[in-house]
Structures are given as structure tokens and as C-alpha cells.
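S.K.: Dropping the structure in here first, questions after.
Where a number appears in this text, it was derived from the coordinates with a stated rule and is not lab data. Please read all numbers here as calculations on a predicted model, not as lab measurements. Glycine also receives a Cβ, built like all others from the backbone with ideal geometry; neighbour counts cover every protein chain displayed.
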Amino acid sequence: MSIPPAEIERELAQLSQLHARMLEGMSQVIVGQQSVLEELLVTVFAGGHNLLEGVPGLAKTLMINTLAQLLSLEFKRIQFTPDLMPSDIVGTNVIEEDHTTGKRVTVFVPGPIFTNVVLADEINRTPPKTQAALLQAMQEHEVTAGGKTYKLSEPFFVLATQNPIDQEGTYPLPEAQKDRFLLNTFIRYPSLDEEETIVERTTANVEVNLQPVCDQEIVIRVQKLVRSLPVSKHVTRYAVDLVRATRPLEPGVPEFITEQISWGAGPRASQALILCAKCRAALQGRLNVSCDDVRHLALPVLRHRISCSFAAEAEGISTDDIVRRLLEMVTERTN
């Protein structure tokens, strides 16, 4: 059920204050990485999932744990390893004795997927069979075990991490699963000043007492508020034009797309661009969603949804390079 228009502006002002408190709380633990924190908040309040990539030691796990604390959500971490089985994630049926009847009964023991925030640590370290155990949970917010379907509690997020180096012994995520992630966030090295601050904080007796700034009900309410924001046809057309321009077989696409892309983004990318643009505007307390919001989130939305051709890879061209070039070429339609 959508929020009445009269309430939207009042709630946007409150959301803007919540957004500021969230960033303030995160900054007590995390130094710098503002764009990463913003993308994590967009992920949460848009109701999606995020695939975070960065070298070891950049506080990926700490960011997610801190976020869960501030949101007052239940948090569980799954370390993905080559020997991890689907039942280790979803849960399994066990046989127990019913003490009242003396008979043996089958009881479902829930796995760590039954929580609000799942940290799938190094998701590419486990085989595809186990990776696929997350698919139903991510898309439908439910899991099936032993022929029965179990609903997951709301809100539910999968925040997965990947190490972009040392690819030996890893299992790259299939395209269909990567497409389920609303955003693909890259975590860069900190600046000189930021790294000095990190060292000073983490090598001293400094304790941070984080206080939750919202709860489950507020998160769900904000997700409904985000979807209630109106979007003009002008902005929707721009988002769709941007996504369709990534498809090599689409008529009228730039020549470099046919040379540098094997396959482009699907309709889920267009949906993600608009939903994330709505969320960015809402977090800033704005009712109007602009094409600038779409442009701002184009990289994390599109970088994992398109595939470079062999020619592009040979020249060292990345999906980020292609998206940036598209952003310069795709213009807003005036009619």
C-alpha cells in the first residue's frame, strides 16, 4: 500500500535527518569511504542486495556489521569456503524424538539465512551449487527445504563480499546471480590522511558505543516511502535509454558498444536505476527525482550487468570505462 501524497514530504524531511544520523554513526567506526556508505544506505532503503568488492583489510565486514547495529537488525555472517554446502546456509531437516509421544519426528533447523542482514563473506570462494542456495532467498525472500517453503523475516538483505585479486581457487558468480544484486560497490584504498586516522584509531584504547538510530519497522516504512516517490517520464526515458545503449544488437547504439560489449544489461538494470535514483532523492529529502540521480548511480548499477568483449579486455577496457563513456554520449530526451 502506497503512502498518501500529503504525508510524503513530511516523511522525506524525517528521512533526511535519519540519513544524516546514519552517516554520523557510521563515521564513528569507518574512516572515509563516503561513497561506499552512501551506496550501502541506498541498497538498504531501496530493499536490494549489494556485492562489495575490495582487497583485504578495507573494512568490508566492519561496515556491514556497523550498518546492522545502527539499523537494529539481526546480523549473521557466513564464511563461504569450498566445502560449504547449501544446507549449511538454508538449514536442514533433522530427526528428533517427541518426548510427549515417544515417536520420531522431522524438525527443520533454520540456517544462518534466517536473519535480516546476511554477510556472505567471499561469496566466490564456494562452488556454484552453494552460491545458488542464495538465489531464491534474494529474489523471493523465502527458502525451500524438504519440500516446504519458509518465509524470511523482513527486511532482508544479502551483502556479499568478493576479493578482486587472487582468483585461483574461486568460482565466479554466474551472470544471473550477479543480476540479482541491486548494486556492485567497489571499495578503494583510503587516502593518506584517512589511513593515518585509521592507524591512530585502531592502535589505541578507543571504544565506540554505537546506538541504533532506527528499527525494522522504520526500515520497511522507508522502503515503502521510496517506492511512493513519483518519477517523471523524462527521467524514466533517460534511464531506459542508458540501459538499452549497453546492448550491442540494439539499433542505433554507439559503434564502440558493438565492439566492446558481448552482452548488455537487461530490464532489471532499468528498474534498479529508477529505484536507486528514487532512494538517493529520498535520502536527501527531495521529492523530485532527477536524471542526475540516475547518472550518479549508473556505475554501481551497471558495472556488473554488462560483459566486456575479448577485444575490450585485450585493450584493458573495463565495464566502468564503458559506462562512463556512455554517460557522456547518452543525452536526455526533450520530447
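S.K.: Which angle between 0 and 90 degrees, to the nearest 10, do you get for helix 5-27 versus the longest principal axis of the chain when only C-alpha atoms count?
M.R.: 70
S.K.: If the only charges are +1 at each Lys and Arg Cβ and -1 at each Asp and Glu Cβ, what is the size of the charge dipole of the range 229-330 around the Cα centre, to the nearest 20 debye?
M.R.: Details: 13 positive and 11 negative charges, 129 e Å.
For the range 229-330, the charge dipole is close to 620 debye.
S.K.: Also: Could you give the angle, 0 to 90 degrees to the nearest 10, between helix 319-329's Cα long axis and the longest principal axis of the Cα atoms of the chain?
M.R.: Tilt of helix 319-329: around 40 degrees.
S.K.: Calculate the radius of gyration of the Cα atoms of the range 229-330 to one decimal place, then report Dmax, the largest Cα-Cα distance, as a whole number, both in Å.
M.R.: 13.8, 44
S.K.: Using a cut-off of 10 Å between beta-carbons, work out the net charge of the residues near THR115 (Lys and Arg +1, Asp and Glu -1, THR115 not included).
M.R.: On the way: positive: LYS76, ARG77; negative: GLU74.
Residues close to THR115 contribute a combined charge of +1.
S.K.: Note the direction-averaged projected area, equal to a quarter of the hull surface, for the Cα convex hull of the range 293-335, in nm². Don't jump to the answer; show the numbers that get you there.
M.R.: Details: hull surface 14.8 nm².
Mean shadow area of the hull around the Cα atoms is 3.7 nm².
S.K.: If I stretch the segment between GLU7 and SER191 completely, what's the gain in nm (0.36 nm per residue apart, minus their alpha carbon distance), one decimal?
M.R.: Details: separation 184, 0.36 × 184 = 66.24 nm, distance 4.14 nm.
Between GLU7 and SER191, full extension yields an extra 62.1 nm.
S.K.: Along each principal axis of its Cα atoms, how long is the chain end to end? Whole angstroms, biggest number first, please.
M.R.: Largest to smallest, the principal-axis extents are 74, 49, 47 Å.
S.K.: Which part of the range 39-59 falls in the paramagnetic zone of HIS141, meaning amide N under 18 Å from the point 7 Å along Cα-to-beta-carbon?
M.R.: Residues 41-50 qualify, since their backbone N sits under 18 Å from the label point.
S.K.: Now for a different question. With everything on Cα atoms, drop me the angle between helix 192-202 and the longest principal axis of the chain, reported from 0 to 90° to the nearest 10.
M.R.: Helix 192-202 sits at roughly 10 degrees to that axis.
S.K.: Could you calculate, for the range 1-120, the ratio of the Cα radius of gyration to the Kirkwood radius, expressed as Rg to Rh?
M.R.: Details: Rg = 19.9 Å, Rh = 17.6 Å.
So for the range 1-120, dividing Rg by the Kirkwood Rh gives 1.13.
S.K.: Given the pairs LYS76/LYS151; LYS60/LYS233; LYS129/LYS278; LYS60/LYS148; LYS178/LYS278, which span a C-alpha to C-alpha distance of over 28 angstrom in this model?
M.R.: Beyond 28 Å between Cα atoms: LYS60/LYS233; LYS129/LYS278; LYS60/LYS148.
S.K.: Distance between the C-alpha centers of the range 62-104 and the range 245-308? Whole Å please.
M.R.: Cα centroid to Cα centroid, the span is 35 Å.
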